[in-house]
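The values are calculated or read from the model by the stated rules, or taken from the named source; none is laboratory data. Bear in mind the structure is a predicted one, so any value in this text is a computation, not a measurement. Glycine also receives a Cβ, built like all others from the backbone with ideal geometry; neighbour counts cover every protein chain displayed.
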Amino acid sequence: MSTPDTSAPQILFVDDEPNAVKYFQRAVEKLAPVITASTVEEGKRLLDTNADSLAVLISDQRMPGMTGVDFLRRVKEIHPDCVRMMLSGYVDLKSVGDAINEGAIYKFLTKPWDNELLCSNIEEAFRSKEMVVDNKRLQEELRAANIELARVNDELRGHLRDKSQQAMRDEAALGAGLGDLGEVRDGLEPASGAGGLALAEGHVSSSSRTGRSGRRPPG
């Protein structure tokens, strides 16, 4: 087993043939750090402990204890974002075909492999992984934006509701104030019509009488 390097996206290669592991590392060492496991159980443990940094998983088909197809099916359930590939010289076309159709296997390559083709497929797998990561990031950003938009809308509705209630209170207070003003105006309004005129004439007549009674006749 090789020591993980978590500074970059990594490749997990699961194969029980030491020579295959050696040649694989030599072929892809320029692409990304490689973690290796010689058993499926070891591969599971490495995948669990390095899930955040592992981008591509490549397994041999004929592994002790479990076939590569069954291993990759389980990986799909537990770590669906990890791009899964198979590399084997012994092919069960039906099981491999079923696994590909189920989405458990992204690509199948045969042994012995062509280094250029192997690297090309791994690079493509890295791009696929980047697309998955970007899509998840965009979905998360969209979800966060929708939550923020809902919060702002709720806040605006609250402000509008408060303003509407305040406007109704102001309108009621204004109506009450106008009513009180009308009552005051009615209480201060002078008498009109004949009554008012009679008061004025009475005042004048009284003055006239006072003037006449105050004179002494010439004598």
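Listing for the model above:
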quantity	calculated
Residue check, Asp52 modelled with pLDDT under 90 and within 32 Å of the chain's Cα centre (by Cα)	yes
Test set (1) β-branched (Val, Ile, Thr); (2) over 24 Å from Lys22 (Cβ atoms); (3) buried (at least 16 other Cβ atoms within 10 Å of the Cβ) - Val133 fails condition number	(3)
Contacts under 7 angstrom Cβ, first residue in the stretch 115-140 being in contact (Cβ under 8 Å) with a residue 12 or more places away in the chain, partner among the acidic types (Asp, Glu), 6 or more apart	Val132/Asp81
Which numbered condition Glu140 fails, given (1) in contact with a strand residue (DSSP E or B) (Cβ under 9 Å, 6 or more places away or on another chain); (2) at pLDDT below 90	(1)
Residue within the stretch 149-169 that is among the β-branched types (Val, Ile, Thr) and not in a helix (DSSP H, G or I) present	no
Test result for Ser59, modelled with pLDDT of 90 or more and in contact with a Gly (Cβ under 8 Å, 6 or more places away or on another chain)	yes
